[in-house]
Amino acid sequence: MFGKRNKDDNLWKLEYIDSVYKIYDWDKNLTGYFFPNYDIDIDSHHYDNDNDDKTLADHEIEDKIIEQMNKEKKSVKGGNLMLPMIKLQLLDNTEGIHLDYVINSLEENAQRTRIWKQWLQDNHQEFKIIGSSIYTAREDRNILSIVLGIASNLILGEKELGNNLKPVLDRLHQDELI
């Protein structure tokens with residue numbers, strides 16, 4: 001989650017899967033996710049429908065439009081960047097956690113949360129961050145993830161989005177948040 005890297009190492013790699021981009025670091029560790037804001041109006045989009053199938057449901061049409069947008073490297077108006085924020089290290093244990101352990105864990109995580117808050121206050125304008133929310137991770141209840149709303153125009157595609165997200169990811173890494 002917070003590994004070291006050399007200055008010359010390859011930085012971030014994005015992998016497109018089912019409308020979402022997974023973000024990996026130079027050691028191929030999953031670092032986060034990017035959810036583009038596709039802002040699809042089905043009636044105003046044309047998509048390649050080889051079969052000219054009129055029986056597709058709206059969500060199927062939307063999926064096809066999203067696939068086409070990514071294939072054609074279309075522009076989107078931002079999206080949401082999801083990253084790990086803190087690891088509670090409380091819910092792995094069975095009953096009977098020592099009170100001092102709980103207090104220490106909560107204090108450490110409160111400090112890290114304050115660091116995230118300060119980072120957002122200091123960097124939101126530079127990286128066009130328009131909001132943030134905290135979620136529990138699906139895979140691990142002990143991890144709280146932060147979702148950053150990014151408001152800049154972005155080009156879809158693994159390489160293109162990687163280049164666009166590189167500055168914010170680099171700064172987060174430099175500031176030891178990822």
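The values are calculated or read from the model by the stated rules, or taken from the named source; none is laboratory data. From a predicted model like this one, the values you see are computed outputs, not experimental measurements. Cβ: placed from backbone, ideal geometry, glycine included. Neighbour counts: every protein chain shown. Keep in mind that these areas ignore ligands, DNA and RNA; they rest on the heavy atoms of the full protein, side chains included. Shrake-Rupley method; radii C 1.70, N 1.55, O 1.52, S 1.80 Å.
Quick notes on this one:
- Odd one out for residue 2, checked against (1) assigned to a loop (DSSP other than H, G, I, E, B); (2) at pLDDT 95 or above; (3) of a type in the set (Phe, Trp, Tyr): (2)
- For residue 177: the one exception among (1) open to solvent by less than 60 Å² (accessible area, probe 1.4 Å); (2) assigned to a loop (DSSP other than H, G, I, E, B); (3) modelled with pLDDT under 95: (3)
To keep it simple, each residue is scored yes or no on (1) over 18 Å from residue 169 (Cα atoms); (2) touching a Ser or Thr at 6+ places or on another chain (Cβ under 9 Å); (3) of a type in the set (Lys, Arg); (4) open to solvent by 80 Å² or more (accessible area, probe 1.4 Å).
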{"site": "102", "(1), (2), (3), (4)": "yes, no, no, no"}
{"site": "108", "(1), (2), (3), (4)": "yes, no, no, yes"}
{"site": "119", "(1), (2), (3), (4)": "no, no, no, no"}
{"site": "123", "(1), (2), (3), (4)": "no, no, no, no"}
{"site": "130", "(1), (2), (3), (4)": "no, no, no, yes"}
{"site": "143", "(1), (2), (3), (4)": "yes, yes, no, no"}
{"site": "148", "(1), (2), (3), (4)": "no, yes, no, no"}
